[in-house]
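Notes to accompany the following structure.
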Amino acid sequence: MFRAEIRNEIEKIVPAGTVFSIERSENPEHGDYSSNIALVRQLADGKNPSEVAKDLKAQIVQSSVFNNFIEKIEIAGPGFLNFWIKKEALILALKKPPKPKTGKKLKINLEFVSANPTGPLTMANGRGGFYGDALANILEAVGHKVAREYYINDAGNQIKLLGESILAAEGKIPQKDEYYKGAYIKKLKGKSAAAAAKTLLSEIKKSLKKAGIKFDVWFSEDKNLHKKGELKKVLEFLNKHKAIKEKEGALWLGDAVVIKSNKEPTYFLADLAYHYDKFIKRKFDLAINIWGADHHGYVERMKKGVEVLGVNSEWLKIIIMQLVRLTSKGKEVRMSKRAGEFITLDDLIKEVGADAARWFFLERSPDTHMDFDLDLAKERSKKNPVYYVQYAHARACSILRKGKASKRVNLNLLGEPAELNLIKKILQLPEIIEDIAQDYQAHRLPRYAYELAQVFTNFYEKHKVIDPKNKELTQARIALVSATQETIKTALSLMGIDTPEKM
């Protein structure tokens with residue numbers, strides 16, 4: 001709200017298309033918001049940035065925005081403009097909290113997890129699963145229409161390997177290093193590859209349900225692409241547009257093979273057909289794919305591929321989830337009973353709970369490797385960040401049970417630094433949601449929720465909420481606690497984490 005208003009006012013002053021930032025200040029001494037606009041403009045104007053900052057400040061001070069909600073503007077460092085928001089504006093916004101906004105509402109395909117039906121879901125699948133689930137919630141919160149999709153790789157070499165792995169477990173053919181192993185393979189004895197994949201997919205769905213990860217569409221590669229002849233149709237499309245070249249008996253699209261010399265299609269052709277289905281047939285405005293770290297080298301190929309299909313590659317967003325290790329006492333641990341080969345998502349949730357698993361995965365940016373601290377995740381104290389935030393929510397609920405809210409509240413009685421800091425933090429949530437909907441950095445949300453819990457705890461420890469001697473102030477503070485409780489609940493709900501009222 002305030003950030004958008006400040007941006008709008010600056011855009012009236014500077015040339016159209018000027019790219020600048022307005023950030024929430026980490027340090028209260030630097031105001032509530034800070035902009036680098038003077039540094040950006042000094043390059044174009046050829047002036048000292050502090051001179052540019054003075055000119056911009058003078059113009060903003062004359063605006064209606066300044067009179068409405070800006071208390072003061074200061075120039076800091078090499079030319080940053082720092083803004084402080086008036087108390088009256090904060091109180092007014094608290095009465096009518098702003099809703100997150102975005103530009104054009106999009107039809108979005110969000111594909112995530114998509115683990116091959118050749119084994120149980122692993123802990124690493126959980127990282128992408130929780131991230132995709134939370135991102136879908138956030139995109140929907142700003143008005144986008146999101147289809148949560150699981151792409152079932154039930155065709156191709158991995159299914160063939162699954163069938164051979166079962167035969168090897170039965171002793172009918174020799175074992176090979178590339179075969180799937182573990183106790184779960186032995187349980188599939190007697191099943192064909194297709195039947196085994198169906199069984200494993202059923203187990204995957206059960207695991208996802210336990211984790212609270214929802215999907216709208218289960219897209220089968222075999223049924224929806226191969227059996228419908230979609231690969232052939234896309235190949236004909238590529239030939240028609242003279243995008244295919246023959247070399248060494250194979251068909252190539254750029255530097256990638258689409259049809260092998262033995263006439264078998266490659267995974268790349270299947271992926272092209274899948275994205276043709278997304279963009280051309282189902283007409284999604286945007287496709288977001290969440291892939292594992294082993295797909296990093298495939299990103300540019302896929303983007304070039306959709307361009308050949310006539311789709312702007314900017315409409316395809318690919319997010320790579322980096323690797324994760326489970327640690328205890330600083331060392332990597334294994335807790336799977338399945339031959340110690342991998343840690344399943346079921347194992348992890350059973351050990352730490354779905355809420356802790358979600359939080360610990362979501363609090364780290366997807367592009368960072370992470371160590372999942374098993375000991376901290378199991379901790380039932382304020383040391384555990386998810387427990388700390390849930391406890392803050394439960395404390396707010398407890399206060400609201402003791403104090404009755406009134407319809408007539410004088411929020412202007414709120415003026416203590418701890419109260420105003422809490423209001424400012426509450427009002428940040430719509431901006432956090434807007435930012436994530438733009439750049440998909442969902443780790444901002446748990447960090448925000450933790451900071452909100454900290455600011456609320458600071459307020460609670462410094463000021464008595466329910467004071468029989470001051471009923472008006474009590475009502476104002478109850479209203480502030482109610483707004484805090486609703487905001488924590490919103491943040492946790494967007495992450496898919498429970499909001500207990502008692503702990």
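The values are calculated or read from the model by the stated rules, or taken from the named source; none is laboratory data. Just so you know, these numbers come straight off a predicted model, no measurement behind them. Please note: Cβ atoms are built from the backbone with ideal geometry, for glycine as well, and neighbour counts cover all protein chains shown.
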Strands (runs of 3 or more DSSP E) fully within segment 1-108 counting 3 or more residues that are touching an Asp or Glu at 6+ places or on another chain (Cβ under 7 Å) and among the hydrophobic types (A, V, I, L, M, F, W, C)
80-85
Condition check for P366: surrounded by 19 or more Cβ atoms within 10 Å (Cβ to Cβ), touching a residue at least 60 places away in the same chain (Cβ under 8 Å) and in a helix (DSSP H, G or I):
no
Based on what the data block shows, is K214 more than 24 Å from N312 (Cα to Cα), assigned to a loop (DSSP other than H, G, I, E, B) and in contact (Cβ under 8 Å) with a residue 60 or more places away in the chain?
yes
For a quick check of your reading of the model, give me the residue pairs whose first member lies in segment 401-423 and is surrounded by 11 or more Cβ atoms within 10 Å (Cβ to Cβ), whose second is assigned to a loop (DSSP other than H, G, I, E, B) and not basic (K, R), with beta-carbon atoms closer than 8 Å and at least 6 apart or on different chains.
G403/V465; G403/I466; E416/H463; A418/H463; E419/H463; L420/L414; I423/L414
Just a yes or no: is a residue in segment 432-445 in contact (Cβ under 8 Å) with a residue 24 or more places away in the chain and over 16 Å from A141 (Cβ atoms)?
yes
Helices (runs of 4 or more DSSP H) wholly in segment 427-503 with at least 3 residues that are outside the structural domain of F215 (by TED's automatic domain parsing) and touching a Phe, Trp or Tyr at 6+ places or on another chain (Cβ under 8 Å) - which ones?
444-462, 471-495
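Residues that are over 15 Å from P100 (Cα atoms), of a type in the set (D, E) and at pLDDT 95 or above: does segment 413-422 have at least one?
yes
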Given (1) surrounded by 14 or more Cβ atoms within 10 Å (Cβ to Cβ); (2) under 26 Å from V146 (Cβ atoms); (3) in contact with a strand residue (DSSP E or B) (Cβ under 8 Å, 6 or more places away or on another chain); (4) outside the structural domain of L374 (by TED's automatic domain parsing), L309 misses just (3)
Filtered residue count, segment 115-143, keeping only those that are over 29 Å from Q485 (Cβ atoms) and either without any contact (Cβ under 8 Å) to a residue 40 or more places away in the chain or charged (D, E, K, R) (or both):
1
Of everything in segment 180-202, what is surrounded by fewer than 18 Cβ atoms within 10 Å (Cβ to Cβ) and under 35 Å from the mean Cα position of the chain (by Cα)? Give them in sequence order.
K181, A183, A194, A195, K198, T199, S202
Right, A356: modelled with pLDDT of 95 or more and of a type in the set (G, A, S) or not?
yes
Find the residue count for segment 433-444, including only residues that are farther than 15 Å from G103 by Cβ and surrounded by fewer than 22 Cβ atoms within 10 Å (Cβ to Cβ).
4
Could you list, in sequence order, the residues of segment 272-303 that are loosely packed, with under 15 Cβ neighbours inside 10 Å, closer than 22 Å to L135 by Cα and free of Cβ contacts under 8 Å to residues at least 24 places away in the same chain?
D294
Scan I70, I108 and give me the residue that is under 30 Å from K209 (Cβ atoms), of a type in the set (V, I, T), buried (at least 17 other Cβ atoms within 10 Å of the Cβ) and under 34 Å from the mean Cα position of the chain (by Cα).
I108
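Looking at segment 331-347, which of the residues that are at pLDDT 50 or above and assigned to a loop (DSSP other than H, G, I, E, B) is surrounded by the fewest Cβ atoms within 10 Å (Cβ to Cβ)?
Out of the qualifying residues, it is R334.
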Just need a number here: residues in segment 87-132 that are over 30 Å from A155 (Cα atoms) and aliphatic (A, V, I, L, M).
7
Using the structure shown, decide if L452 is buried (at least 21 other Cβ atoms within 10 Å of the Cβ) and under 22 Å from F112 (Cβ atoms).
no
Just one of the numbered conditions (1) in contact with a helix residue (DSSP H, G or I) (Cβ under 8 Å, 6 or more places away or on another chain); (2) farther than 23 Å from V113 by Cβ; (3) assigned to a strand (DSSP E or B) is not true of W291; which one?
(2)
Does segment 252-288 hold any residues that are more than 20 Å from E314 (Cβ to Cβ) and assigned to a loop (DSSP other than H, G, I, E, B), and which are they?
D255, K260, S261, N262, K263, E264, T266
